[in-house]
Structure formats: structure tokens, C-alpha cells
Amino acid sequence: ILDIAPANTGHTLVIPKKHVEVVDEFENIINLLQAEGFSKKTLEGINDFFSFFDELIIGHNHKEDKTVFAKLNPILQEKEIFSTGSKKTVVDLMEEDHIKMLQLAAISFNLFGLITRIPDDNSGLVILDLAVEQSKALIEILKLHIFREDNIVFPLAHNYLSEEVLNSLNNRIG
């Protein structure tokens, strides 16, 4: 799920395009849901996203935590490479993102499920608004997380992890 592949300048850590595409499609589905309400397309889109999240994103995050993050974080701490104004490394922030993603996904998923069980239409609309709001927060954190991986974490990994470690990570993840 985390692709570590040789490139012209060594090894490259990249987020699979499928992850970005699924997040973008979920954003489109949420916008369609807001504009037009529930339809077969929006229900399928919501189900597809949460299936993808459950099957691939959670596994991807777990593999990051156990491989790249586990190897990179001690180096960043030793070199005192912290986020501006804090004693947290970018890896610490990424791990916090993983927790926030799980929380937002659980809340959104459960709110969407609750809507169909509420007999009062007005209450259902309030819950729908909350589900959409939480889904948009999830989309934003996913996009930010992918941006940080591509532009901060993975370049740092290339700077501080040896070719041997990157090869090892590739074997464990691939």
C-alpha cells in the first residue's frame, strides 16, 4: 500500500494514486449529497469510500507506523528536527493524524448509518448535516496528511534513512 520504489535518484516513497483518487471521489460524493440529497449514487459512493478506508487506509497507516515512522522518528528526535514552536516531530503529527482519521471516519460512518434509523425528518436532516461536516473534516485531514507525506515525511526519510533501510521497508510493505 505504501509504495517504495527505485527512482532515478535512489528510492522513492509515494502515496498510491488510488488513495488520492478515492479521497477526491468521496469529496465529490459529499458535495453531490449536499446539493441533491441521497441517491443510489451517493449511497454507493459513501459505502465505497468507507470500504476502501477500512480495507486499505487503516492498513496503510498501520504499516507507516510500524515501518517508516518507527525508523524515522528517533532520528528526527535525536537531530532535534521539530515542528515549528513544538517539541513534536512531523512523525508525531502524522501519527496524531492517523488517530484523528479513525475518529472522524467512525463518527461519519455511524452518523450516516443513524440517519436511516431516525423517524423524524427534521432530526434526520440535522444528523445528515453533522455527517457531512464530519466527512468534510475527514477529507481535509486525509488531503493534508497525503501532502505532508509527499512533501515532508518522505523527503526526510530519503535524507536520513539508508538505502538498506529503505530496501528493508520496501520488502516489509510490498
Residues of the chain: accessible area per residue with a 1.4 Å probe, Å²: 56 Å²
Angle between the chain longest axis and helix 90-115 axis [Cα atoms, degrees, rounded to 10]: 20 degrees
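Going through the cross-link list 40/143; 18/63; 79/143, which pairs have a Cα-Cα distance over 21 Å in this structure?
Table pairs above 21 Å Cα-Cα are 40/143; 79/143.
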Between helix 40-52 and the chain: long-axis angle, C-alpha atoms, 0 to 90°, nearest 10: 30 degrees
Accessible surface of the chain [probe 1.4 Å, protein heavy atoms]: carbon and sulfur percent: 52 percent
In degrees, nearest ten, helix 163-173 long axis to first principal axis of the chain (Cα): 30 degrees
Mean residue ellipticity (222 nm) of the chain, computed from DSSP H runs ≥ 4 via -39,500 (n - 2.57), nearest 500: -23500 deg cm²/dmol
Relative compactness, the range 68-117, computed as alpha-carbon Rg over 2.2 N^0.38 Å: 1.68
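Let me check I have the definition right: for the chain, take the eigenvalues of the Cα gyration tensor, multiply each by 5, take square roots. What are those semi-axes in whole Å, largest first?
On the way: eigenvalues 256, 58, 30 Å².
Output for the chain: semi-axes of 36, 17, 12 Å.
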Net charge over other residues, Cβ less than 14 angstrom from the Cβ of residue 80 (K, R count +1; D, E count -1): +1
Convex hull of Cα atoms in the range 52-149, direction-averaged projection (nm²): 7.3 nm²
Set of lysines with alpha-carbon distance to residue 41 below 19 Å, sequence-local pairs under 8 removed: 136
Choice from 153, 20, 90 with maximal GNM fluctuation in the chain (Cα, 10 Å cutoff): 20
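The values are calculated or read from the model by the stated rules, or taken from the named source; none is laboratory data. Just so we're clear, the structure is a prediction, and the values are computed from it rather than from any experiment. Heads up, the Cβs are rebuilt from the backbone with ideal geometry, glycines too, and the neighbour counts pull from every protein chain shown. Calculation scope for accessible area: heavy atoms of the full protein, side chains included, ligands and nucleic acids excluded. Shrake-Rupley method; radii C 1.70, N 1.55, O 1.52, S 1.80 Å.
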